[in-house]
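Down below is the structure, laid out as structure tokens.
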Amino acid sequence: PFSVGRSLKISPHSFLFLSSCMNRATAKHLIERYFQQLTEGCGNGNCTNEFCASSCDFRPLDNNAAAAKALELFKINAKLCPQPSKKEVDTSHPGSSADKSTQLDLKMSDMDLNSTKEDFSDVHFLTENALCMILSFCEEEGDYSALIRVIARVFSNAEALVKSFRKDEPNGTDNLDSFTPTDVKKHEKKREQSMENMGASSAATAAAESPHDTGDLCPVTVDIDAVRRVYDKLLSINQVEAALVNALIYLTPNIELDLDYLDVYETNPDYLNIFIIVMENHNLHSPEYLEVAMPQFCKAMSKLPVTALARLSKLWSSYDRHHIRRMMETFQQLITFTVVSNEYDAENLVNDDETVVAATQCLKVVFYASILGGDMDVEHNEEDEDDSESDELTLHELLGEERLYKKGPRIDPLEKELGVRPIDSIKPVIPFEDFVNESLNDVVEMDKDFTFFKVNAETKFSFQSCPFILNVITKNQGLYYDNRIRMYSERRLTALYSMVQGQQPNPYLKLKVRRDHIIDDALVRLEMISMENPSDLKKQLFVEFEGEQGVDEGGVSKEFFQLVLEEIFNLDIGMFTYDNDTKLFWFNSSSLETEAQYTLIGIVLGLAIYNNCILDVHFPMVVYRKLMGKKGTFLDLSDSHPALYQSLKRLLEYTGNVEEDMTLTFQISHTDLFGNPILYDLKEQGDQIPVTKENRQEFVDLYAEYILNNSVERQFRAFKKGFLMVTNESPLKYLFRPEEVELLICGSRKLDFEALEKTTEYDGGYSKDSQIIKDFWETIHSFGEEQKRLFLQFTTGTDRAPVGGLGKLKMIIAKNGSDTDRLPTSHTCFNALLLPEYSSKEKLKERLLKAITYAKGFGML
């Protein structure tokens, strides 16, 4: 047994119950609080808590009875009163961890100290002045033990830390040499009395404005600059580091308990000061902290309510790049350190590692701080398509699968509280790529993580709830599982419907098209499906070219997509315009084609993602931003219409007389499909409104709004409609940023054939040491960029690398007979090249070039 307070005893049997709930220290801590409440009360004469000695209805207990009752109250999580008011306890901070047991523990640790005035034992919180006085005294004495004891006492006590380094304290450090420990005590007493007179809210209101204010209803009361100066002084002293580490280890279980059981932040928002002060320690990434202190700290921080996390994120967003990066690297270091120090598998998942999970949740706060502190656009949002939900039960709901297929995008609670999304970021303080942790990506089991994400989100942590930490390859695996499960689900539903209706089941999205009428056939079939049964678009695609051999196991679909795109992006059709400088397509605002044609291309893009195919599409990034819900703005013109962007930029930067020198009005002109000029008023009677220095920003914004949004509204709305027909229930919008969506659809433009060579497999008698294989790779590496793309198109059905690069492409080279005049052939479904064993390197090159240059169609030999 161990003792609590004066005479509270806990038997080993009872302690087994306690330790099953929490660790030994935190259980002891809470029971002491109950014991003190039962024996001494809370000091409030009007207390109504039946379990408090200060209540008029309370019947006094002796110590033994109080001890037993304290244990009983702990088990039922009974109500705790605020702490009694004492001279050294600030009544404006009720419900925190600074309680009698903590003070008793500190006194026990001080028993070995000399009980002289030089031990600073009456210092119960710190200011910059106080610390400088103590430090000056220790330097004079040549002994830092007194400083270390104060640091240990204050930094291990939540109440003390909450009261330390307040903004309302003067930071002058004059005449430090003449200060004594008695002066420190007087200075602290004066501050404490001031806080008691003002109260916490008044003190917070009186705090001076600083660059670190968050601008919310609860401004931060910590003097952050003072904390940084203090850490600079402390961390230059070797002996202090161990004291800070040990103090943090002692502190964190108590604050985790406070947050778990006492809702202390709601009672006192200044409790956030603890986390602000601790995170200013720029040594947190060092091994001394990573072993125990930081894992415990992250667990405690992850228990903060979302309102507190939002305040932290807003505060940190006001920091400069160096400090935001330091905090990001601290949490990343902890994640990496923990991952490489452990072994994970399908039974021992990284999702169950409390340290990794807590550090990832803390990293999320820094992630949003980086967005808030950078350039943002939270205004220009596309209107979401109406998706009215029926009151009727769906078959998914009848089968109990509604959680797998629930509609509507996920909304992160912190994102909602802050009112900002990653898509709103134009340029974050820290690049998005720096938040990806590759060590973690290597050990995440995405099949299990996907289940947690879709089904067990309330009870299990999924890293897809923090998609910023995952790379595109890992997120693509999650998307793959989501797509495949939907395909299997639609297959099951089709089978069920067929059984009920007595029809032949059709488990696939079958398209039978003629090669010379591919657009007409595809358009008619897909339009019919989209109107009659849009859910069929969620089935696995199965394409058949009329009159040609070939079972579609992926390769035929690839060729279908490629041919459709060639037709749709043909400039003679006039659906899109093409910029020879940027090599990009844009919607033709004066196109004569129907909206159905644009819906078709949207469906094709959605099907490509859904069926894991890569398309040869050349859109500017603003198209993907608009698909994800943002409108085009002036900055988006830089890659979609670079010449116009430069002209408008020069207008904004012009230092002369804009009205007289430019002679512009709010009426603009552009040419239609046939080259005829079209006039458009950006404002009513725009031809009568000159562009001046005062209104030129408005002119630029309206110009961009017209070019990127208004002029192509009809075409883009139909395009987006088709895209959402396939992806509306997908986590695509939640997991991926616009540039990552482009990578999913188009693949990577970077072709690393060295990586492809390393991952290629051989069959039919070939190996990497075969002479023809050596000649083959020498020939491939000698090709130019265009020839390499033709080879990739010939072998895999696309000239782009998949997500993750060519190293992720599993190509097979199989022997197809001895020396012959036949050309090499391929099975694009399997990324397989059938290569005869040609007699010379020259013949190999000649036959291969001919094959990749003229090949098109299925079954060609």
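Remarks
- Enumeration of residues in the range 515-545 that are in contact with a Gly (Cβ under 9 Å, 6 or more places away or on another chain) and either part of a helix (DSSP H, G or I) or surrounded by fewer than 16 Cβ atoms within 10 Å (Cβ to Cβ) (or both): Arg515, Leu526, Ser530, Leu537
- Considering (1) without any contact (Cβ under 8 Å) to a residue 12 or more places away in the chain; (2) more than 36 Å from the chain's Cα centre (by Cα), the lone condition that Leu592 does not fulfil carries the number (1).
- Those helices (runs of 4 or more DSSP H) of the range 629-693 in which 2 or more residues are closer than 29 Å to Lys720 by Cα and open to solvent by 40 Å² or more (accessible area, probe 1.4 Å) occupy 637-640, 642-653.
- The lone criterion from (1) without any contact (Cβ under 8 Å) to a residue 12 or more places away in the chain; (2) under 20 Å from Glu382 (Cα atoms) left unmet by Met621 is number (1).
- Output for the range 284-299, where each listed residue is part of a helix (DSSP H, G or I) and either open to solvent by 60 Å² or more (accessible area, probe 1.4 Å) or closer than 23 Å to Asp260 by Cβ (or both): Pro287, Glu288, Tyr289, Ala293, Met294, Pro295, Gln296, Phe297, Cys298, Lys299
- Residue tally, condition at pLDDT 75 or above and either open to solvent by 20 Å² or more (accessible area, probe 1.4 Å) or touching a Ser or Thr at 6+ places or on another chain (Cβ under 9 Å) (or both), over the range 77-87: 4
- Picking from residues in the range 418-458 that are surrounded by 15 or more Cβ atoms within 10 Å (Cβ to Cβ) and β-branched (Val, Ile, Thr), the one that is nearest to Arg311 (Cα to Cα) is Val420.
- Residues located in the range 117-158, provided they are open to solvent by 20 Å² or more (accessible area, probe 1.4 Å) and within 40 Å of the chain's Cα centre (by Cα): His124, Ile148, Ala152
- Cβ-Cβ distances below 6 Å connect the following pairs, each with a first residue in the range 800-818 that is open to solvent by 40 Å² or more (accessible area, probe 1.4 Å), a second residue that is small (Gly, Ala, Ser), and a separation of six or more residues or different chains: Ile812/Ala832; Lys815/Gly764; Lys815/Gly765.
- Restricting the range 218-235 to residues that are open to solvent by less than 10 Å² (accessible area, probe 1.4 Å) and in contact with a helix residue (DSSP H, G or I) (Cβ under 8 Å, 6 or more places away or on another chain), the residue that is farthest from Ile151 (Cα to Cα): Val220
- The set of residues from the range 562-611 being under 23 Å from Thr727 (Cα atoms) and among the hydroxyl-bearing types (Ser, Thr, Tyr) comprises Thr594, Tyr598, Thr599, Tyr610.
- Here Asp270 does not qualify as among the charged types (D, E, K, R) and assigned to a loop (DSSP other than H, G, I, E, B).
The values are calculated or read from the model by the stated rules, or taken from the named source; none is laboratory data. In this text, all values refer to a predicted model and were calculated from it rather than measured experimentally. Here the Cβ is made from the backbone with ideal geometry for all residues, glycine too, and neighbour counts use every protein chain on show. Accessible surface is based on the protein model in full, side chains and every heavy atom, while ligands, DNA and RNA are left aside. Shrake-Rupley method; radii C 1.70, N 1.55, O 1.52, S 1.80 Å.
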